[in-house]
Amino acid sequence: QVQLVESGGGLAQPGGSLRLSCAASRSIFSSNLMGWYRQAPGKQRELVAIMTGGGSTNYADSVKGRFAISRDNAKNAVNLQMNSLKPEDTAVYFCKAVMVIGLPPQEYEYWGQGTQVTVSS
């Protein structure tokens, strides 16, 4: 079992910045994918940004140029730098990890419990 703990959420003004961090309870070196998703009230959970084990990234069109995902293998963490925040970025942000564990190797999907991001003046 892998635990993912998000931090860094809170209240920001439009145009402001926040940095989210997701700490994993084990090495993320063997992860196939780590990323961030969000869910606003009354809406489905949606992809925000993901990074594959090879370092490729993918962003939702709505956050391209404003958000940046990064990973720190030494700290077993994946981060999301959010700049130029907009009210429509308000949501609960969830960290996701897809990891290969065990022998024979099997792929498992894990989610954090989420952190609230509110963008409001």
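The values are calculated or read from the model by the stated rules, or taken from the named source; none is laboratory data. Everything numeric in this text was worked out from a predicted model, so none of it was measured. Every residue, glycine as well, gets a Cβ built from its backbone with ideal geometry; the counts of neighbours run over all protein chains shown. For the accessible areas, the whole protein counts, side chains as well, though only heavy atoms, and no ligand, DNA or RNA atoms are used. Shrake-Rupley method; radii C 1.70, N 1.55, O 1.52, S 1.80 Å.
When residues in the stretch 31-56 are screened for being surrounded by fewer than 14 Cβ atoms within 10 Å (Cβ to Cβ) and either assigned to a helix (DSSP H, G or I) or among the polar types (S, T, N, Q) (or both), 2 of them pass. Here Thr118 meets the list (1) open to solvent by less than 50 Å² (accessible area, probe 1.4 Å); (2) under 11 Å from the mean Cα position of the chain (by Cα); (3) of a type in the set (S, T, N, Q) almost entirely, failing just condition (2). Residue count for the stretch 1-57 under the criterion of being touching a Leu at 6+ places or on another chain (Cβ under 8 Å), polar (S, T, N, Q) and over 19 Å from Gly112 (Cβ atoms): the result is 2. The residues of the stretch 2-14 that are on the phi < 0 side of the Ramachandran plot, in a loop (DSSP other than H, G, I, E, B) and open to solvent by 30 Å² or more (accessible area, probe 1.4 Å), listed by number, are Gln3, Gly9, Gln13, Pro14. Do we have Ser17 as open to solvent by 20 Å² or more (accessible area, probe 1.4 Å), more than 27 Å from Glu107 (Cβ to Cβ), touching a residue at least 24 places away in the same chain (Cβ under 8 Å) and small (Gly, Ala, Ser) here? Answer is yes for this residue. In the stretch 76-86, the qualifying residues are those that are in contact (Cβ under 8 Å) with a residue 60 or more places away in the chain and within 16 Å of Gly112 (Cα to Cα), and the one that is surrounded by the most Cβ atoms within 10 Å (Cβ to Cβ) is Leu80. Given the structure, is Ala60 among the aliphatic types (A, V, I, L, M), more than 11 Å from the chain's Cα centre (by Cα), modelled with pLDDT of 95 or more and open to solvent by less than 50 Å² (accessible area, probe 1.4 Å)? Answer is yes for this residue. The set of residues in the stretch 99-114 being open to solvent by 20 Å² or more (accessible area, probe 1.4 Å) and in contact with a Phe, Trp or Tyr (Cβ under 7 Å, 6 or more places away or on another chain) consists of Ile101, Trp111, Gly114.
When Asn73 is tested against (1) closer than 22 Å to Gly15 by Cα; (2) open to solvent by 30 Å² or more (accessible area, probe 1.4 Å); (3) touching a Phe, Trp or Tyr at 6+ places or on another chain (Cβ under 8 Å), only condition (1) is not met.
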